[in-house]
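I have placed the structure first, in the form of structure tokens, so that the comments after it can refer back to it.
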Amino acid sequence: MDRLTLISLSLLVAACGVGVLALPLLRDWRQRRLSARTIDAALARQQRSTAVAPAAAAAPAPTPRAPGMPGVPGVPGVAGARTAANAATTAATPGAGTGLGAQLGARVGERFDAHWLESRLGRAVVTPEDQQLLEQCGWYGLQARMLFGVLRLALPLALSVLAMLWHLGASAFMVMAWGFGTFAVAYLAPKWYLRRRAAARLRMVDDELPVLIDMLRLLQGVGLSIDQSLQVIVAEFGGMLRVLGPELARANQQFASGRSREQTLLRIGRLFDSEDLKSLITLLTQVDKHGGAVQEPLRQFGLRMQEARKSRMKDEIGRLTVKMTAVMVVSLLPVLLILTAGPGFLGVIRMLANMGGTR
């Protein structure tokens with residue numbers, strides 16, 4: 001199989017893949033255009049009717065027929081009403097159409113994203129585990145899932161085609177192996193990145209919890225409630241909490257929209273798999289539900305967290321000591337052997353050389 005045949009086959013496979021991916025997109029785009037035209041026409045008719053009705057109501061009554069002119073009605077009032085209605089419709093339609101088009105495009109885009117993500121291909125590319133990882137990374141909504149799905153499909157295809165074209169001089173098996181390997185690595189790379197970022201944010205949550213507890217204890221000490229304390233922490237100290245700050249802000253927005261405080265806080269506990277965070281949220285929800293003083297429980301909880309953090313640091317220091325022992329054996333032991341046993345080895349070698357020379 002020569003180079004031209006391989007190039008033709010790779011281009012044909014790429015074209016088939018693009019066509020398969022583009023067919024549902026084109027079908028949804030056509031349906032979106034038809035629905036947009038239908039809705040625009042219906043809203044234009046509705047606006048025209050609503051603009052004609054006030055103008056006709058505000059117009060003066062038609063003048064009675066003149067005594068000497070039996071066949072001429074009083075037309076000027078009706079003509080003025082029709083002219084005013086047409087002017088009002090002409091003035092109101094363009095601006096309303098522009099804003100309506102933008103809103104309609106946003107709604108149709110959201111529906112298209114939801115439709116694509118609910119399809120079989122979308123569920124295979126963006127799994128529930130990927131959705132949870134995206135939320136742990138701080139990326140919510142359909143747009144984040146849509147971008148992740150498109151990136152996970154487009155990047156492997158492009159890189160695999162480039163890898164196959166780069167190794168066209170090799171055999172067909174090597175070309176296909178490079179293409180498949182590149183596709184597999186590029187397909188798994190976004191999820192690896194999400195896992196690393198989610199793990200880093202979980203570690204940041206463990207570091208930010210003592211700060212959050214201390215701020216809650218101080219704000220409770222000056223007489224603020226749980227809701228007021230959370231609002232103040234988000235508004236004034238949100239920059240200190242790089243992970244918990246945005247999550248608490250989202251919880252406050254959900255609480256303002258009608259959800260209970262328990263639901264908004266339990267969502268954070270389910271999102272970040274941290275036992276200390278779950279214990280804090282349980283404490284806050286119990287105090288918010290049943291009432292009572294929370295300053296002393298927060299102080300005891302903070303002390304317990306400090307003790308647990310000290311024990312974790314001791315464990316890390318112990319593991320680092322073991323690791324450094326291996327590093328010292330690998331790096332320092334050869335140097336010690338050279339410095340201590342080097343002169344003895346050199347003396348033995350010279351003695352053996354002199355004995356060989358005397359013989």
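Yes or no, residue by residue, for (1) at pLDDT 85 or above; (2) within 19 Å of Ser229 (Cα to Cα); (3) in contact with a Pro (Cβ under 6 Å, 6 or more places away or on another chain):
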position	(1), (2), (3)
Asp273	no, no, no
Glu296	no, yes, no
Ser311	yes, no, no
Met328	no, no, no
### Query
Does at least one position in the range 289-300 carry a residue that is closer than 28 Å to Cys137 by Cα and either part of a helix (DSSP H, G or I) or not small (Gly, Ala, Ser) (or both)?
yes
### Query
Somewhere in the range 342-353, is a residue among the charged types (D, E, K, R), farther than 28 Å from Ser260 by Cα and surrounded by fewer than 10 Cβ atoms within 10 Å (Cβ to Cβ)?
no
### Query
Going by the structure shown, is Thr321 in contact (Cβ under 8 Å) with a residue 12 or more places away in the chain and either more than 17 Å from Gln136 (Cα to Cα) or basic (Lys, Arg) (or both)?
no
### Message
Residues to consider are Gly223, Gly169; find the one that is touching a residue at least 60 places away in the same chain (Cβ under 8 Å), out of contact with any strand residue (DSSP E or B) (no Cβ under 7 Å at 6 or more places or on another chain), not charged (D, E, K, R) and not in a helix (DSSP H, G or I).
### Response
Gly169
### Query
Quick check, is Asp288 touching a residue at least 12 places away in the same chain (Cβ under 8 Å), farther than 22 Å from Leu224 by Cα, of a type in the set (Asp, Glu) and surrounded by 11 or more Cβ atoms within 10 Å (Cβ to Cβ)?
no
### Message
Looking at the structure I just gave you, is Leu209 within 20 Å of Trp139 (Cα to Cα) and either touching a residue at least 40 places away in the same chain (Cβ under 8 Å) or under 21 Å from the mean Cα position of the chain (by Cα) (or both)?
### Response
no
### Query
In this structure, is Arg203 under 30 Å from Gly122 (Cβ atoms), modelled with pLDDT of 85 or more, out of contact with any His (no Cβ under 7 Å at 6 or more places or on another chain) and in a helix (DSSP H, G or I)?
no
### Query
Is there a residue in the range 311-332 that is surrounded by 12 or more Cβ atoms within 10 Å (Cβ to Cβ) and within 34 Å of the chain's Cα centre (by Cα)?
no
### Query
Does Arg250 qualify as being at pLDDT 85 or above and basic (Lys, Arg)?
yes
### Task
Kindly indicate whether any position in the range 293-306 is surrounded by 10 or more Cβ atoms within 10 Å (Cβ to Cβ) and touching a Gly at 6+ places or on another chain (Cβ under 6 Å).
yes
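Conditions tested, residue by residue: (1) crowded, with 18+ Cβ neighbours inside 10 Å; (2) in contact with a Pro (Cβ under 7 Å, 6 or more places away or on another chain); (3) under 30 Å from Leu284 (Cβ atoms).
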residue: Leu121; (1), (2), (3): no, no, no
residue: Gly141; (1), (2), (3): no, no, yes
residue: Met146; (1), (2), (3): yes, no, no
residue: Ala170; (1), (2), (3): no, no, no
residue: Ala177; (1), (2), (3): no, no, no
residue: Tyr193; (1), (2), (3): no, no, no
residue: Ala198; (1), (2), (3): yes, no, yes
residue: Asp207; (1), (2), (3): no, no, yes
residue: Leu219; (1), (2), (3): yes, no, yes
### Summary
Expected single match for closer than 20 Å to Cys16 by Cα and among the hydrophobic types (A, V, I, L, M, F, W, C) among Val126, Val205, Val161, Val211 is Val161
### Summary
Only one of (1) over 27 Å from Pro128 (Cα atoms); (2) in contact (Cβ under 8 Å) with a residue 12 or more places away in the chain; (3) not in a loop (DSSP other than H, G, I, E, B) does not apply to Met240, and that is (3)
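The values are calculated or read from the model by the stated rules, or taken from the named source; none is laboratory data. Since we're looking at a predicted model, the values are computed, not measured. Quick reminder, even Gly has a Cβ in these numbers, built from the backbone with ideal geometry, and neighbours come from all protein chains shown.
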